[in-house]
Amino acid sequence: MKSFLIKLWQLIKAGFKALLKYRKEPPKTFWGKALDSIIYLVGSLLIFGGIAVLFWVGRPYAILYLHPSEKKALEQKAELGQVEGDRIIIPSVLIDAPLVEEITPQNLSRGVCFTSESSRPGQKGNTIIEGHNLAEFGLFKPQSFFSLLELVKKGEKIYFFIKGKNTFTL
């Protein structure tokens, strides 16, 4: 078997040498080689950069589906009320974020914010909460709080902890 593979490899090499023999291309100049190198480098960076972005964007989905125990732990935390400060918890999509009053870029990186004209959970009116849903890129930076918000389905529980617990069903 080994000798067969060696002979096959030699046959393939001979075929490529024959193809290259009939290719009429002048030898490349220094600038032609430099341009080829730049094109290969840029192409490689685009491919590896695209793969890195794919992993970064797919990371929260992988965590959601590969670690179902985290959903159960978050549900238990919300049911038992083991929460400090004002928070929103949506166990089905692993959201556990601080609730912050004023909308500023700094507050949006710390948690999710109430708009000034919205009511609070449990009060009459609509509650409007804003937060980022895209990842911040960089080494060791966390995913945004609402990265998986589009996966919340009707009938799932949303827990608000504002001076106590309020539970709502979507």
Q: For the range 1-110, please list each of the helices (runs of 4 or more DSSP H) lying entirely inside it that holds at least 3 residues being aliphatic (A, V, I, L, M) and either farther than 30 Å from Leu149 by Cα or free of Cβ contacts under 8 Å to residues at least 40 places away in the same chain (or both).
A: 2-21, 30-66, 68-80
(Q) Against the conditions (1) touching a Lys or Arg at 6+ places or on another chain (Cβ under 7 Å); (2) over 17 Å from Ile158 (Cβ atoms), where does Leu99 fall short? Just the number, please. (A) (2)
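Condition first: within 18 Å of the chain's Cα centre (by Cα) and within 15 Å of Asp86 (Cα to Cα). Now tell me which residues in the range 100-109 satisfy that.
Correct list: Leu108 only.
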Q. In the range 64-74, is there at least one residue being touching a Pro at 6+ places or on another chain (Cβ under 7 Å), at pLDDT 85 or above and aliphatic (A, V, I, L, M)?
A. yes
Q) Can you name the residue in the range 65-81 that is surrounded by fewer than 11 Cβ atoms within 10 Å (Cβ to Cβ) and either β-branched (Val, Ile, Thr) or on the phi < 0 side of the Ramachandran plot (or both) and, of all such residues, is farthest from the chain's Cα centre (by Cα)? A) Leu80
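For every residue, the table says whether it meets (1) surrounded by 10 or more Cβ atoms within 10 Å (Cβ to Cβ); (2) at pLDDT 90 or above; (3) not hydrophobic (A, V, I, L, M, F, W, C).
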site: Trp9; (1), (2), (3): yes, no, no
site: Lys13; (1), (2), (3): yes, no, yes
site: Leu20; (1), (2), (3): no, no, no
site: Arg23; (1), (2), (3): no, no, yes
site: Gly32; (1), (2), (3): yes, no, yes
site: Val42; (1), (2), (3): yes, yes, no
site: Ala52; (1), (2), (3): yes, no, no
**Q.** Matching residues, the range 132-159, being under 16 Å from Cys113 (Cα atoms), modelled with pLDDT under 85 and in contact with a Ser or Thr (Cβ under 8 Å, 6 or more places away or on another chain)
**A.** His132, Asn133, Leu134
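The values are calculated or read from the model by the stated rules, or taken from the named source; none is laboratory data. Only a predicted model underlies this, so the values are computations on that prediction, with no experimental measurement involved. All Cβ positions, even for glycine, are placed from backbone atoms using ideal geometry, and neighbour counts span all protein chains on display.
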